[in-house]
Each structure stands twice: as C-alpha cells, then as structure tokens.
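Enquirer: Mind looking over this structure? Questions follow.
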Amino acid sequence: MLGSPYDKESIDSIYEFSLKLVGKSLADVADLPLGLENIRNKGNLGTLVEKYFFKHTPPNTAAPDFPDAPLELKTAGVTQDKKSRFRAKERLVLTDINYNRIKGENWEHSTLLNKCQIMLLLFYLYEKEKPAVDRPFVINPLLVTFGIEENNSRISMPHIRISESDLAVIQADWEKIKAKIVANKSHELSEGDTFFLGACRGGAGGEKEPGRIQDGTAGVKSRRFALKASFISALIEQGTQDYPSLRNSPMESIEDATNRYFMSFVGRSVDDISSELGYFRKGKNHKGFYKNLADRMLISEGMELAELRKGGVELKTIRLTKTSRARESMSFNTIDIKEILEESWEDSDYFRKLESKFLFAIFKEFEDGIERLWKVAYWNMPQSDINQARKVWERTKAIIDVDPSKLPKMKDDFIAHVRPKARNGQKTERTSAGIPFVTQCFWLNGRYITEVVRGLP
C-alpha cells in the first residue's frame, strides 16, 4: 500500500512488519506523545501498538482488526518460569459476547470465528514495575488459524493451525456458553464451565460496570470470549513439548475420555489400586499419596495429558468419611501480602483459580472400613459461590496488613476461610506495620466440600 511500510491487505506483510517489534518495546520503535510513559494498563498496550506502531485504526465493528487481510491482532503478556520457558500471564481476550446476537448464531458463522479465524499474536514480557510501553516484546509473533482452509491459502509464512482435536473442544465450549445464554442464565456464566474457551469477565466498567438487561432481567455483567492462559502457553511451546492426548478421537468429549480412564478403578479399594499400579504409602502420614495415586490411574507418573494441561484443569482428591463428610478442607496458594493489597478481585490469583475447572477424584470409607475410589467428576464453582468467596477475599485484603489475627475463620463463613498450611505453620513474615504474620492460605471449608460432593452427578 502506497505510503505505508507494510500492506494492510497482506497477512504476510503485516507479519513481517511485526517482527520489527521483537526484542524492543513500543517506546523503542514508535514516536509516542508525552504522557504515555506511565501507561500501565495491559489493555491499552494493544491499542497503542495498533495506533503508533502499525499506524492503523481498526474498524469499530465485529470484523477483524485488519479486515482486508483478514487478520485479528492481539497482544499478550508472558512471564518466564524457573526453566526460562515463556508462559502466558493470563487469558487471551478475543471479543465481546453479545448476549442477543449469539442466540441466532451457529459456530461456523459465529461472530467469534469471523473475527478471530486468523490471529497475529504479539508477546511482551510482563514486568510489573515497568510502564506498559517499556515492556519488551519477546518470542517471534505467532500466526494462529482456526483451521479455516480457504483462508490458509492467504498465508505463506509459518503458522499454527489449531488442530481438529482442539477445535472440537473450543466449539463444544462455545456451544455450552451459548446454551446458558439461550436459557437466560448469562448471570451464571463462569470460566470454569468450559475447557479451552472461556466466558471471562471484563466489561469496560470493570468491577463497577452496571449490569446489562437480558430478556427483561437486569444485572447481567459483560463477558468476553477468551482462550485460557494454559491454552496460550501450549501454543507458545508448540513443537517443543509433546503431551499425550486424553481422547481417542476429536469427537470424544473430555468428560467421556476421563471416565474411560477411571472406569476400571471406581469401586475398588485403595490397597487394590495401589497393588495394580505398584504405588504404595510410604507411611501413615504420606503427604500427597492420594493425589499421586489418582495421577497414576489417569496416566503414568511425571506425564501430563494435553487436554488437561491446555485447559488448566487441576486434579484434586477428596476423602470422605463413612457418613460422606469431607475429611478436610481444600487449600489453595499461599497469600502474598504485598500482592493482595495491590490487586483487584478479578485480577487476583484466587479469583482465577476459583473460576477454573477441577477434576475431583473422590475416595470414601465404606461401612466395612475399607476406603475405595467412589467417584470421579469435573466441577467448577457456581458464580453465586464465587461471589460469596469474594467477600472473604475482600475482608482478608482489608485487614491482612492491619490486624492479621482477625482474618476470616472457618466459623465465619460457610464457603471459605484463611489459615496456614501445616508445613507453613512456623513460617513468618512482617506486614508493612511490622506485625509478625504467619504465612496463610485461602481454603474451601470441609463442610462446603461435603455439599459440593453431594451435588455431583
């Protein structure tokens, strides 16, 4: 295109131009107006890249950012793990969910697929203390397609075609989200409903955004389609890691495949399963024994299954008494005092974990005193319970730096509480006021877990 350093109608040309960002920040390669150096909002960075690097204004429609290519442009933050591998920092937001429009759509002609059938992903290194415009872009940009063959002919550059197997999961996720909306249950949507494609919160007004009206019902917050962070991490490492599939074919659901793995173990005693798998307790207080045993029922030790990894699904074990009561509460990550004081609820690790999907392997002691694998099921926390857990998080945030002795206890709330893990009982730090603080974690209460299990199919 005359006067432009790249051709806006060519996917290859846009991709080649984007390579100029690799190893540099937006501030390094673009003339930015004064006042942008303190921009820290991750969402604004993508807009700034379009405006000041590509010098392009995307259409204010459901079309791709570069409609004549067609190509959707996305920026995403990454972090590095202890092995220097890049991991997506968070989900990749794709497009707004229009509650009314989606009711008349099918997957093949959906707004989502029309907008994001071909995407160019640019990755910047998330460094909290740096303004967004100073964060360097790392990794070569990725061209990702949703398997639309007629458009792939427009790309000569190397690209990642989302596999038929993964596309089947994404389509099933989209249809599950649509089904809730059609049933006028948009207010019950949660990212944990689905595996790869989620319906995430994130309206323009954030947490203070007023609820929309859906079919006469007020209070429905905006949600957006997003690929989960674990799925984006898998795209980044594609070609370097090979994980076995859970399913026998793309048409087999993840739930059916999981049941097939566990079918031969359900109803059998723990000792019997241990003997078959050659994995035994190392003593009465063997930490992680049941989790490790469940892992071995699902797949060999030290291996991960592609679908569970991409979906960020966490396997948790639950042990029940003879009366079907949970023996213990369920713990989550350690609370970082500085982090919780600076983050919002919807940016918190705790919120993201509660909106995840879990795979429960449930062991129960029967009347004969023998403990058996009783049930295996996927679960995600209902939105109403997430809202209640939020109150515990907010109370924790309000007092953790002031008076840690008054953190929410199990008796204070039916769903969640805060206390140390046994191994952290002696680990202390100090608040900003100099108050000694024993390292704490969020927990889901045992009585709540009991009710959850009772409600499983």
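The values are calculated or read from the model by the stated rules, or taken from the named source; none is laboratory data. Computed from a predicted structure; not experimentally measured. When we count neighbours, we look across all protein chains shown, and the Cβ atoms used for this are built from the backbone with ideal geometry, even at glycine. Surface areas here come from the heavy atoms of the whole protein model, side chains and all, with no ligands, DNA or RNA. Shrake-Rupley method; radii C 1.70, N 1.55, O 1.52, S 1.80 Å.
Enquirer: Which ranges mark the strands (runs of 3 or more DSSP E) fully within region 396-457 that have 1 or more residues being more than 30 Å from LYS322 (Cα to Cα) and charged (D, E, K, R)?
Expert: Once the strands (runs of 3 or more DSSP E) in region 396-457 are filtered for at least 1 residues that are more than 30 Å from LYS322 (Cα to Cα) and charged (D, E, K, R), what remains is 428-430.
Enquirer: Sticking with this one: Taking LYS322, is it at negative phi, part of a loop (DSSP other than H, G, I, E, B) and not small (Gly, Ala, Ser)?
Expert: Numbers: at negative phi: yes; part of a loop (DSSP other than H, G, I, E, B): yes; not small (Gly, Ala, Ser): yes.
Judged against the criteria, LYS322 is a match.
Enquirer: Taking only region 247-287 into account, find how many residues are open to solvent by less than 50 Å² (accessible area, probe 1.4 Å), under 19 Å from TRP374 (Cβ atoms) and among the β-branched types (Val, Ile, Thr).
Expert: Selection size over region 247-287: 3.
Enquirer: Please enumerate the residues belonging to region 113-144 that are among the hydroxyl-bearing types (Ser, Thr, Tyr) and outside any strand (DSSP E or B).
Expert: Taking region 113-144 and keeping what is among the hydroxyl-bearing types (Ser, Thr, Tyr), we get 124, 126.
Matches in region 113-144: TYR126 only.
For every residue, the table says whether it meets (1) more than 27 Å from the chain's Cα centre (by Cα); (2) at pLDDT 90 or above; (3) open to solvent by 60 Å² or more (accessible area, probe 1.4 Å).
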| residue | (1), (2), (3) |
| --- | --- |
| GLU9 | yes, yes, yes |
| ALA30 | yes, yes, no |
| GLY35 | yes, no, no |
| LEU48 | no, yes, no |
| THR61 | no, no, yes |
| ALA88 | no, yes, no |
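Enquirer: Does TYR290 satisfy the criteria of being over 22 Å from ILE160 (Cβ atoms), open to solvent by less than 70 Å² (accessible area, probe 1.4 Å) and part of a loop (DSSP other than H, G, I, E, B)?
Expert: Values: over 22 Å from ILE160 (Cβ atoms): yes; open to solvent by less than 70 Å² (accessible area, probe 1.4 Å): yes; part of a loop (DSSP other than H, G, I, E, B): no.
Judged against the criteria, TYR290 is not a match.
Enquirer: Go through (1) crowded, with 19+ Cβ neighbours inside 10 Å; (2) assigned to a helix (DSSP H, G or I) one by one and return the number of the condition GLN388 breaks.
Expert: (1)
Enquirer: So, GLY43, is that one at pLDDT below 90, open to solvent by less than 90 Å² (accessible area, probe 1.4 Å) and part of a helix (DSSP H, G or I) or not?
Expert: For GLY43, the condition - at pLDDT below 90, open to solvent by less than 90 Å² (accessible area, probe 1.4 Å) and part of a helix (DSSP H, G or I) - is met.
Enquirer: A further question follows. Would it be correct to say that ASN98 is in contact with a helix residue (DSSP H, G or I) (Cβ under 9 Å, 6 or more places away or on another chain), assigned to a loop (DSSP other than H, G, I, E, B) and touching a residue at least 60 places away in the same chain (Cβ under 8 Å)?
Expert: No.
Enquirer: Continuing with this model, one more query. So if I check each of GLU164, GLU129, GLU149, GLU105, which one is surrounded by fewer than 17 Cβ atoms within 10 Å (Cβ to Cβ) and modelled with pLDDT of 95 or more?
Expert: On inspection, the qualifying residue turns out to be GLU105.
Enquirer: Return yes when GLU304 is in a loop (DSSP other than H, G, I, E, B), touching a residue at least 40 places away in the same chain (Cβ under 8 Å) and under 24 Å from ARG454 (Cα atoms) and no when it is not. Spell out the reasoning first.
Expert: Numbers: in a loop (DSSP other than H, G, I, E, B): yes; touching a residue at least 40 places away in the same chain (Cβ under 8 Å): yes; under 24 Å from ARG454 (Cα atoms): no.
So GLU304 does not fit the description; no.
Enquirer: Would you tally the residues in region 410-457 being open to solvent by less than 90 Å² (accessible area, probe 1.4 Å), touching a strand residue (DSSP E or B) at 6+ places or on another chain (Cβ under 8 Å) and among the charged types (D, E, K, R)?
Expert: Final tally of qualifying residues: 3.
Quick grid of which residues meet (1) touching a helix residue (DSSP H, G or I) at 6+ places or on another chain (Cβ under 7 Å); (2) part of a loop (DSSP other than H, G, I, E, B); (3) modelled with pLDDT under 90:
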| site | (1), (2), (3) |
| --- | --- |
| ILE170 | no, no, no |
| GLU175 | yes, no, no |
| ILE181 | yes, no, no |
| GLY192 | no, no, no |
| PHE195 | yes, yes, no |
| CYS200 | yes, no, no |
| ALA204 | no, yes, yes |
| ALA218 | no, no, yes |
| PHE231 | yes, no, no |
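Enquirer: A further question follows. Could you check, for region 72-84, whether at least one of its residues is surrounded by 18 or more Cβ atoms within 10 Å (Cβ to Cβ) and assigned to a loop (DSSP other than H, G, I, E, B)?
Expert: No: region 72-84 contains no residue that is surrounded by 18 or more Cβ atoms within 10 Å (Cβ to Cβ) and assigned to a loop (DSSP other than H, G, I, E, B).
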